[in-house]
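Visitor: First the structure, then my questions, so here it is.
The values are calculated or read from the model by the stated rules, or taken from the named source; none is laboratory data. The structure presented is a predicted model; accordingly, all values stated were derived computationally and were not measured. Please note: Cβ atoms are built from the backbone with ideal geometry, for glycine as well, and neighbour counts cover all protein chains shown. For accessibility, only protein heavy atoms count, side chains too; no ligands or nucleic acids. Shrake-Rupley method; radii C 1.70, N 1.55, O 1.52, S 1.80 Å.
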Amino acid sequence: MRITIDLPPDIEKALMEKCEKAKVSPSDFILSLLDWYFLKRKKDTGNVNEFIRIASQCAAERVKYCKYSDGRHCAREVFSDILEEREPEPIVPYKCLFCPYFVDRRAKKAREIERDLVDRTYDIARLAAKLVVELYGDRLGYRPKLPLEEMEEKEKKISKQEVKRLLDNW
């Protein structure tokens, strides 16, 4: 394909200077500019394809895990279709992406897992703090009397009344 362009003298002068700096003929320079422009646009559409792929995955996940979805129909849409006396339509995954009524079925499980993780982390932190106090309490000049230790001391001491009660019941 051959294209002829009439350039104003000031642009032609700037183009010739660029060509001399790059040591390229004007036609090769224009071809490289066109290549760069169209390749750049082609790369930009790659991001759009990636976006569409991720959106499709998210939509499929929402269809799969929505409380109102059975995988083929949305209960809310079917209900509104019935009220309007229309034939129920199958789910359109992209509608699910922006559905304000989406309720994740996995929410309770996720909260239980999170709660379990928080409890474990709390237990580990408590044990670590107890260990630090036991190991370095003397060096730090701080030796608190923990409520658990007081309870253990009370449990170790058995009163006469408890001994009598135990012997009588035995």
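Visitor: Identify all residues within segment 50-74 that are buried (at least 16 other Cβ atoms within 10 Å of the Cβ) and in contact (Cβ under 8 Å) with a residue 40 or more places away in the chain; write none if there are none.
Guide: ARG62 - this is the single residue of segment 50-74 that is buried (at least 16 other Cβ atoms within 10 Å of the Cβ) and in contact (Cβ under 8 Å) with a residue 40 or more places away in the chain.
Visitor: Looking for whichever is at pLDDT 85 or above and open to solvent by 80 Å² or more (accessible area, probe 1.4 Å) here; the options are GLU84, GLU77. Which one fits? If you could, list the steps in order and put the result at the bottom.
Guide: Numbers: GLU77 fails: open to solvent by 80 Å² or more (accessible area, probe 1.4 Å).
That would be GLU84, the only listed residue that is at pLDDT 85 or above and open to solvent by 80 Å² or more (accessible area, probe 1.4 Å).
Visitor: Residues in segment 33-46: is at least one modelled with pLDDT under 85 and surrounded by 12 or more Cβ atoms within 10 Å (Cβ to Cβ)? Before the answer, list the steps.
Guide: Residues of segment 33-46 modelled with pLDDT under 85: 33-46.
Now narrow it down to the ones that are surrounded by 12 or more Cβ atoms within 10 Å (Cβ to Cβ): 33.
Looking through segment 33-46, at least one residue is modelled with pLDDT under 85 and surrounded by 12 or more Cβ atoms within 10 Å (Cβ to Cβ).
Visitor: OK, next. Are any of the residues in segment 116-125 open to solvent by 90 Å² or more (accessible area, probe 1.4 Å) and either in the same structural domain as GLU77 (by the TED database) or under 18 Å from the mean Cα position of the chain (by Cα) (or both)?
Guide: There is at least one residue in segment 116-125 that is open to solvent by 90 Å² or more (accessible area, probe 1.4 Å) and either in the same structural domain as GLU77 (by the TED database) or under 18 Å from the mean Cα position of the chain (by Cα) (or both).
Visitor: Another question, if that's okay. Could you check segment 1-26 and list, in sequence order, the residues that are open to solvent by less than 90 Å² (accessible area, probe 1.4 Å), within 52 Å of the chain's Cα centre (by Cα) and without any contact (Cβ under 8 Å) to a residue 12 or more places away in the chain?
Guide: If the condition is that a residue be open to solvent by less than 90 Å² (accessible area, probe 1.4 Å), within 52 Å of the chain's Cα centre (by Cα) and without any contact (Cβ under 8 Å) to a residue 12 or more places away in the chain, then ILE11, ALA14, CYS19, ALA22, VAL24, SER25, PRO26 are the ones that fit.
Visitor: Tell me which residues, restricted to segment 75-96, are in contact with a Cys (Cβ under 7 Å, 6 or more places away or on another chain) and either of a type in the set (A, V, I, L, M) or farther than 22 Å from LYS109 by Cβ (or both).
Guide: Applying the first criterion (in contact with a Cys (Cβ under 7 Å, 6 or more places away or on another chain)) to segment 75-96 yields 91, 96.
Across segment 75-96, the qualifying residue is only ILE91.
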